[in-house]
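What follows is a set of notes on a single structure, which appears directly below.
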């Protein structure tokens, strides 16, 4: 369809105006919402209502949104109703966020009824007059760790205690690390316990190096305990090298005085050396 629009643009810009009405009638007869949206947006004197009817009759929510967004004097109420009736979370969010005169309450209800964590988060974050608590409850009910963390991080008035509970109960080491790192008032010890219990090497390393008041020794111990699970010498050296390189970068970024990073990568190196370096950061 893109090539047709390019051809129409070329036709419109290079052919006499008296041919335009014939082109418009031909386009209306096609009943194609994309081409009608282009015509209504581009051609001066276009029959906006006729092209809008093509879009409305198509029930195509993408072009109902685009028509409302791109075409002057579009019937926002009628186009918005098609999107509300569709219950599509993405386009209800976009319509409420970007279209002046949108029925915010009805679009919000459609997003809430969809129970989609992502677009309930975006609606609460981006749409003026959104009911924060209603959208937040969907994320809590979904037990969604990712959007619980993002909601707590980005939205003023979020219930951080409840959102933290979802993140903690998820057992996800990455989002427990992020929650502890970025959310003011987070219970560092509780999030740390989830990360330690997970046994995730990188999450424990990041928690120890990034989170203020972290128990570095407890997280470093996870790295040491992992030694017994290493299967081959080659894998052992790869993991060991990975964490040594991370420590070097932290040292460079923070300008800390950690003595001698010139540690040879040998079969008999162990994570206790990494623990010693972690405790000095």
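Every read-out reported here was derived from the displayed coordinates using simple, explicitly stated rules and does not represent laboratory data. What you see is a predicted model, and the numbers here were worked out from it, not measured in a lab. Reconstructed Cβ throughout: ideal geometry from the backbone, glycine too, with neighbour counts over all protein chains shown.
Calculate, for residue 86 and residue 249, the FRET efficiency according to 1/(1 + (r/R0)^6) with r their C-beta to C-beta distance and R0 51 Å; round to the nearest 0.05.
Working: r = 48 Å, r/R0 = 0.94.
The value I calculate is 0.60.
Would you kindly compute the Cα radius of gyration of the range 85-162 and its largest Cα-Cα separation (Dmax), both in Å?
Reported Rg and Dmax, both Å: 11.5, 35.
Tell me, what is the percent relative contact order of the range 116-160, built from C-alpha pairs under 8 Å that lie six or more residues apart? Before the final figure, lay out each step's value.
On the way: 40 pairs, mean separation 17.9, N = 45.
Reported as a whole number, the value is 40 percent.
Under the 0.36 nm per residue contour assumption, what length would be gained going from the current alpha-carbon distance of residue 169 and residue 47 to full extension? Present the calculation step by step, with values, prior to reporting the outcome.
Details: separation 122, 0.36 × 122 = 43.92 nm, distance 5.67 nm.
Length gained between residue 169 and residue 47: 38.3 nm.
Cα-based Rg of the range 36-97 per 2.2 N^0.38 Å, rounded to two decimals?
Numbers: Rg = 10.9 Å, N = 62, 2.2 N^0.38 = 10.6 Å.
Normalised Cα radius of gyration, the range 36-97: 1.03.
Kindly state, to the nearest 0.05, the FRET efficiency for residue 197 paired with residue 113, given R0 = 25 Å and r defined as their beta-carbon distance.
On the way: r = 36 Å, r/R0 = 1.45.
Between residue 197 and residue 113 the formula returns 0.10.
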